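Asker: If you scroll down you'll find the structure; I have some questions about it.
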Amino acid sequence: MKFSIITIFPAIFDPYLNEGVLKRALQKRLIEVEVHNLRDYTQDKHRSVDDYPYGGGSGMVMKPGPFFSAVETLHPDAAGRRVIMLSPAGKKFDQEMAVELSKEERSLVFLCGRYEAIDERVSTSLADDEVSIGDYVLTGGEMPALVIIDAVARLVSGVLGDEHSAEIESFSWGILDYPHYTRPPVYKGLAVPETLLSGNHKDIVQWRRKQALRRTVKQRPELLEKTTLSEEDQRLMREIKEESA
Ligand code: 4GX
């Protein structure tokens, strides 16, 4: 899987990519990440990437030229690239989009903007997708690009160890994870739920599923509208509702 990033702050990426799972994935050549400086694709001696907005108003607008030059120079074959512009106005990124992107054959090219805006022609005529990581305003598209690369890279085959492959499916169940505990059995007077210490595997599986459902109802009820619950889940849900009544 190949990722390419276009930014005026290339130094942001190295520290994050050179730790943990992504570092190993890069070493194993399971993923490839190229970081390019947008200013290398400017024409003027000041290497300017922004300018005043037509029509007036406050704030600067990123020029289209450097983004087009960078993409067309670095990825001249349009069929081999999928250009993703990060923007608060984009489609909301979620696990479903991460799964879809992880199956992409083309290079994923991330356009990271700064300032108040990017000239509209970049989103309409250069980018294939405009993506937002959430409804808040950041100072640039670099962290959104890293968030997406992180979420997509861990879905690439071989990036997580085999022991984690079940975890890959966990969010696609469409409900939240169950609570986890490790030693000690009592910490600051807080005990680990006894079912987990019972050694009864069937009870443990059912307890975890019920906890996951309980947590989802309480914290993210909207997730339950998108998923279909099994007969067993529906029985557990009735129990949950009776207990809270
Ligand atoms: N999810 N930002 C991009 C510059 C900008 C402004 C307008 C395009 C259009 C963000 C987010 C985000 C701040 C990154 C503004 N680019 N990106 N930047 N939330 O807030 O993706």
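Asker: Output the qualifying pairs, or none if there are none: Cβ atoms under 7 angstrom, residues six or more apart or on different chains, first residue in segment 31-53 and under 26 Å from residue 15 (Cα atoms), second residue exposed (fewer than 14 other Cβ atoms within 10 Å of the Cβ).
Answerer: 41/73
Asker: Can you name every residue in segment 14-60 that is within 24 Å of residue 122 (Cβ to Cβ) and in contact with an Asp or Glu (Cβ under 7 Å, 6 or more places away or on another chain)?
Answerer: 59, 60
Asker: Also: Can you confirm whether residue 156 is part of a helix (DSSP H, G or I), in contact (Cβ under 8 Å) with a residue 40 or more places away in the chain, of a type outside the set (Gly, Ala, Ser) and away from the ligand (no atom under 13 Å from the Cβ)?
Answerer: Details: part of a helix (DSSP H, G or I): no; in contact (Cβ under 8 Å) with a residue 40 or more places away in the chain: yes; of a type outside the set (Gly, Ala, Ser): yes; away from the ligand (no atom under 13 Å from the Cβ): yes.
So residue 156 fails the test.
Asker: Can you tell me which residues in segment 123-149 are part of a helix (DSSP H, G or I) and either more than 8 Å from the ligand (Cβ to nearest atom) or farther than 22 Å from residue 58 by Cβ (or both)? Can you show your working first?
Answerer: Of all residues in segment 123-149, those part of a helix (DSSP H, G or I) come to 123-125, 142-149.
Passing the criteria: 124, 125, 142, 143, 144, 145, 146, 147, 148, 149.
Asker: I would also like to ask the following. Count, please, the residues in segment 9-36 that happen to be surrounded by 20 or more Cβ atoms within 10 Å (Cβ to Cβ) and more than 16 Å from the chain's Cα centre (by Cα).
Answerer: 2
Asker: For segment 193-202, indicate whether the set of residues that are surrounded by 10 or more Cβ atoms within 10 Å (Cβ to Cβ), at pLDDT 95 or above and either under 30 Å from residue 32 (Cα atoms) or touching an Asp or Glu at 6+ places or on another chain (Cβ under 7 Å) (or both) is non-empty. Give the derivation first.
Answerer: Quick first cut of segment 193-202, residues surrounded by 10 or more Cβ atoms within 10 Å (Cβ to Cβ) only: 193-198, 200.
Add one more test, that the residue is at pLDDT 95 or above, and what stays is 193-198, 200.
Of the ones still in play, those that are also either under 30 Å from residue 32 (Cα atoms) or touching an Asp or Glu at 6+ places or on another chain (Cβ under 7 Å) (or both) are 195.
For segment 193-202, residues surrounded by 10 or more Cβ atoms within 10 Å (Cβ to Cβ), at pLDDT 95 or above and either under 30 Å from residue 32 (Cα atoms) or touching an Asp or Glu at 6+ places or on another chain (Cβ under 7 Å) (or both): present.
Asker: Mind checking which pairs have a first residue in segment 102-114 that is surrounded by 24 or more Cβ atoms within 10 Å (Cβ to Cβ) and a second that is at pLDDT below 95 and assigned to a loop (DSSP other than H, G, I, E, B), Cβ under 6 Å, 6 or more apart or different chains?
Answerer: Close Cβ pairs satisfying both conditions: none exist.
Asker: Residues 169, 163: which one is of a type in the set (D, E, K, R), under 18 Å from the mean Cα position of the chain (by Cα) and either surrounded by fewer than 10 Cβ atoms within 10 Å (Cβ to Cβ) or modelled with pLDDT under 95 (or both)? Quick ask: steps written out before the conclusion?
Answerer: Numbers: 163 fails: under 18 Å from the mean Cα position of the chain (by Cα).
Going through 169, 163 in turn, just one is of a type in the set (D, E, K, R), under 18 Å from the mean Cα position of the chain (by Cα) and either surrounded by fewer than 10 Cβ atoms within 10 Å (Cβ to Cβ) or modelled with pLDDT under 95 (or both): 169.
Asker: Collect the residues in segment 4-54 that are assigned to a strand (DSSP E or B) and of a type in the set (D, E, K, R), keeping them in residue-number order. So that I can check it myself, show each step before the final result.
Answerer: Kept after step one, since they are assigned to a strand (DSSP E or B), are these residues of segment 4-54: 4-7, 32-37, 50-51.
If the condition is that a residue be assigned to a strand (DSSP E or B) and of a type in the set (D, E, K, R), then 32, 34, 50, 51 are the ones that fit.
Asker: Could you list, in sequence order, the residues of segment 96-120 that are within 16 Å of the ligand (Cβ to nearest atom), outside any strand (DSSP E or B) and within 22 Å of residue 30 (Cα to Cα)?
Answerer: To start, the set of residues in segment 96-120 that are within 16 Å of the ligand (Cβ to nearest atom) comprises 97-98, 101, 108-120.
With outside any strand (DSSP E or B) added as a condition, the list becomes 97-98, 101, 112-116, 119-120.
Answer for segment 96-120, where residues must be within 16 Å of the ligand (Cβ to nearest atom), outside any strand (DSSP E or B) and within 22 Å of residue 30 (Cα to Cα): 97, 98, 101.
Asker: Does residue 138 satisfy being at pLDDT 95 or above, crowded, with 21+ Cβ neighbours inside 10 Å and not small (Gly, Ala, Ser)?
Answerer: Working: at pLDDT 95 or above: yes; crowded, with 21+ Cβ neighbours inside 10 Å: no; not small (Gly, Ala, Ser): yes.
Spelling it out, it is not the case that residue 138 is at pLDDT 95 or above, crowded, with 21+ Cβ neighbours inside 10 Å and not small (Gly, Ala, Ser).
Asker: Looking at residue 116, is it more than 23 Å from residue 209 (Cβ to Cβ) and at pLDDT below 95? Break it down into steps so the answer makes sense when it comes.
Answerer: Values: more than 23 Å from residue 209 (Cβ to Cβ): yes; at pLDDT below 95: yes.
Against the criterion (more than 23 Å from residue 209 (Cβ to Cβ) and at pLDDT below 95), residue 116 qualifies.
Asker: Follow-up. Away from the ligand (no atom under 14 Å from the Cβ) and either surrounded by 15 or more Cβ atoms within 10 Å (Cβ to Cβ) or without any contact (Cβ under 8 Å) to a residue 12 or more places away in the chain (or both): is that true of residue 86 in this structure?
Answerer: Values: away from the ligand (no atom under 14 Å from the Cβ): no; either surrounded by 15 or more Cβ atoms within 10 Å (Cβ to Cβ) or without any contact (Cβ under 8 Å) to a residue 12 or more places away in the chain (or both): yes.
No, not satisfied.
Asker: Taking segment 173-202 only, how many residues are over 29 Å from residue 95 (Cβ atoms) and assigned to a helix (DSSP H, G or I)?
Answerer: Selection size over segment 173-202: 2.
The values are calculated or read from the model by the stated rules, or taken from the named source; none is laboratory data. None of these values were measured; they are calculated from a predicted model. Neighbour counts are summed over all protein chains in view; Cβ atoms, including those assigned to glycine, are modelled from backbone coordinates with ideal geometry.
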